[in-house]
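Below is one structure, written out as structure tokens; the observations come after it.
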Amino acid sequence: MSWDDFTLFLTSDLLAREGELLDDLPFINRHEVVKHIIGERIIARFNRISEPLVEIANPQLFAETALCLNLAMVLRENSTRRDDIFAVRAEFYQRRFEEELERAFAAVKFDEAESGVELVR
């Protein structure tokens, strides 16, 4: 499945994680923005591959990464003070996003047949 067609998370995934905090917020799903940001990070990391987003074998590796980034963004947007619960949780999810992104980068595989990358041993 290609990156463009893949849904990394659903609104229900967000609510399962932080339902109590997100319950009264009007718009909590930033899927497309999150997907774009992660896509840009993938392109930057794997710049030697001509089209890394097209050639990712399993986009599901970035699901937890996307969920954490979405929560960080939404909670940060709704924070009114530096130390309120939204700010504290946003900082937690921002750190988790960075950790999960590195974990996904370490595990990502690309479809070698399409990538044009030659492995030399």
Boolean, I56 is touching a residue at least 60 places away in the same chain (Cβ under 8 Å), crowded, with 21+ Cβ neighbours inside 10 Å and more than 18 Å from E18 (Cβ to Cβ) | no
Taking segment 64-93 and keeping residues surrounded by fewer than 17 Cβ atoms within 10 Å (Cβ to Cβ) and part of a helix (DSSP H, G or I) leaves R76, E77, I85, A87, V88, E91, F92
Residues of segment 15-33 satisfying the condition of being in a helix (DSSP H, G or I) and closer than 30 Å to D111 by Cα = H31, E32, V33
Hey, does segment 18-33 have a residue that's surrounded by 15 or more Cβ atoms within 10 Å (Cβ to Cβ), within 11 Å of the chain's Cα centre (by Cα) and not hydroxyl-bearing (S, T, Y)?
-> yes
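Readers should treat all values here as calculations from the given coordinates under stated rules, not as data from a laboratory. Everything quoted here is computed from the prediction, not taken from an experiment. Quick reminder, even Gly has a Cβ in these numbers, built from the backbone with ideal geometry, and neighbours come from all protein chains shown.
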